[in-house]
1. Order the peptides 73-82, 58-67 from the highest to the lowest mean number of other Cβ atoms within 10 Å of their residues.
2. Counting other C-beta atoms within 10 Å, which of 123, 36 has the fewest, and how do the rest follow?
3. Taking the number of other C-beta atoms within 10 Å as the exposure measure, put 99, 34 in order starting with the fewest.
4. Which label marks the calculated value of Cα Rg over 2.2 N^0.38 Å, given the options [x] 2.06; [y] 0.95; [z] 1.33?
5. If I model a spin label at residue 20 and residue 113 as a point 7 Å from the Cα along the Cα→Cβ vector, what separation in nanometres do I get?
6. Running Debye on region 1-53 with equal point scatterers at the Cα sites and no solvent, what base-10 log of I(q)/I(0) appears at q = 0.19, 0.23, 0.25 Å⁻¹?
7. Would you order 42, 94, 6 from fewest to most other beta-carbon atoms within 10 Å of each residue's own beta-carbon?
8. Rank by packing, highest mean first: peptides 8-15, 126-133, with packing defined as the count of other Cβ atoms within 10 Å averaged across residues.
């Protein structure tokens, strides 16, 4: 883990174990911590379509980055999503309130306009929402970009 974006569940410097076969016969679900290649727009927090104020990015840039990120799935294909105080509201209900930390910043913490997650995509966020570059800025992650499911973590070596 190179950053604090997933604290407190995963700390900077921790080593994680990933099940690379977890999604061979299953699909990722809300709450899963996954590693993946983010859309290439993540380098500049660029959405694949012109973004609107107070609305999460609904379409990623088409190409994938070579970088590998760890984030939590907060919405899946067809879900309707908005963000309140940095926490996901999916299909009208705040979810993962025990995992996703609230944030106090404006902008990315309150994206009250709802988007629908496209087919074969997942919306991911960092648990430390105030310190995370995630799908709010660069869009949902295509299913093909997901590498595996995080299973365990350990202290830095």
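Throughout, read-outs are computed from the coordinates displayed, never taken from laboratory work. All values reported here derive from a predicted model rather than from experimental measurement. Because the Cβ atoms are built from the backbone with ideal geometry, glycine has one as well, and the counts that use them run over all protein chains shown.
1. Descending mean neighbour count gives 73-82, 58-67.
2. 36, 123
3. Arranged by neighbour count, lowest to highest, 99, 34 become 99, 34.
4. [y]
5. It is 4.1 nm.
6. So the normalised log intensities work out to -0.95, -1.08, -1.10.
7. Result, fewest neighbours first: 94, 42, 6.
8. Ranking, from highest mean packing down: 126-133, 8-15.
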